[in-house]
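The values are calculated or read from the model by the stated rules, or taken from the named source; none is laboratory data. Computed from a predicted structure; not experimentally measured. With ideal geometry, Cβ positions are generated from the backbone for all residues, glycine too; neighbour counts draw on all protein chains shown. With ligands, DNA and RNA removed, areas are computed over all heavy atoms of the protein, side chains included. Shrake-Rupley method; radii C 1.70, N 1.55, O 1.52, S 1.80 Å.
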Amino acid sequence: MISDRHAPTQQPYGTAYEQMLEKVRYEGAYPTLERADEAVRLVLAGLGRQLTGDERVDLAGCLPLEAARVLTTQIPDPRPLTGWAFVKDLAARTGASLATTRWDTGSVFSAVAAYTGPDLLTRILQQLPTGYALLFGRAELTPAA
């Protein structure tokens with residue numbers, strides 16, 4: 001039997017993760033679930049390097065198992081990046097443009113926000129340095145005086 005080397009390999013996604021990928025694919029206007037999966041893995045791995053404590057545990061508990069694994073297998077960086085530095089770091093890791101990486105980040109964070117709900121998302125944003133609220137599609141939070 002001759003195989004087509006250019007045919008995409010089928011990924012055995014769990015149903016919940018596949019639904020998450022469909023949301024990211026729709027939000028990001030990606031042509032395939034595989035492209036959405038690449039974006040999810042990149043962005044959640046990056047977020048896993050930034051987030052610690054109860055927020056990390058609670059977020060992992062909200063996400064589909066495959067997404068939670070990507071998040072929690074990362075070792076948190078002792079010096080978290082600002083939102084813009086986060087995007088630049090992801091772009092440097094992949095060689096993608098800043099614009100593409102910013103798009104990927106917003107597409108994935110939009111789906112993540114749908115899983116977390118507003119209260120957990122607020123707690124996550126309070127833990128992270130400035131610049132993440134905009135990536136999640138929210139106005140930047142400022143501490144009360």
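Identify, among LEU65, GLY137, PHE86, the residue whose Cα sits farthest towards the positive end of the charge dipole of region 36-145, taking +1 on the Cβ of Lys and Arg and -1 on the Cβ of Asp and Glu, with the dipole about the Cα centre. Farthest along the dipole direction, towards plus: PHE86. The heavy atoms of ARG138 offer some 60 square angstrom of accessible surface to a 1.4 angstrom probe. With respect to the chain, whose longest principal axis is taken over its alpha-carbon atoms, helix 98-127 is tilted by about 50°. Please report, as a whole percent, how much of the solvent-accessible surface of the chain comes from carbon and sulfur atoms (probe radius 1.4 Å). Roughly 56 percent of what the probe reaches on the chain is carbon or sulfur.
Accessible area per residue (1.4 Å probe, heavy atoms of protein chains only) ranks SER110, SER97 as SER97, SER110, with the largest value leading. Translational diffusion of region 17-145, estimated by Stokes-Einstein from the Kirkwood radius over alpha carbon pairs at 4 °C in a medium of 1.567 mPa s, is 90 µm² per second.
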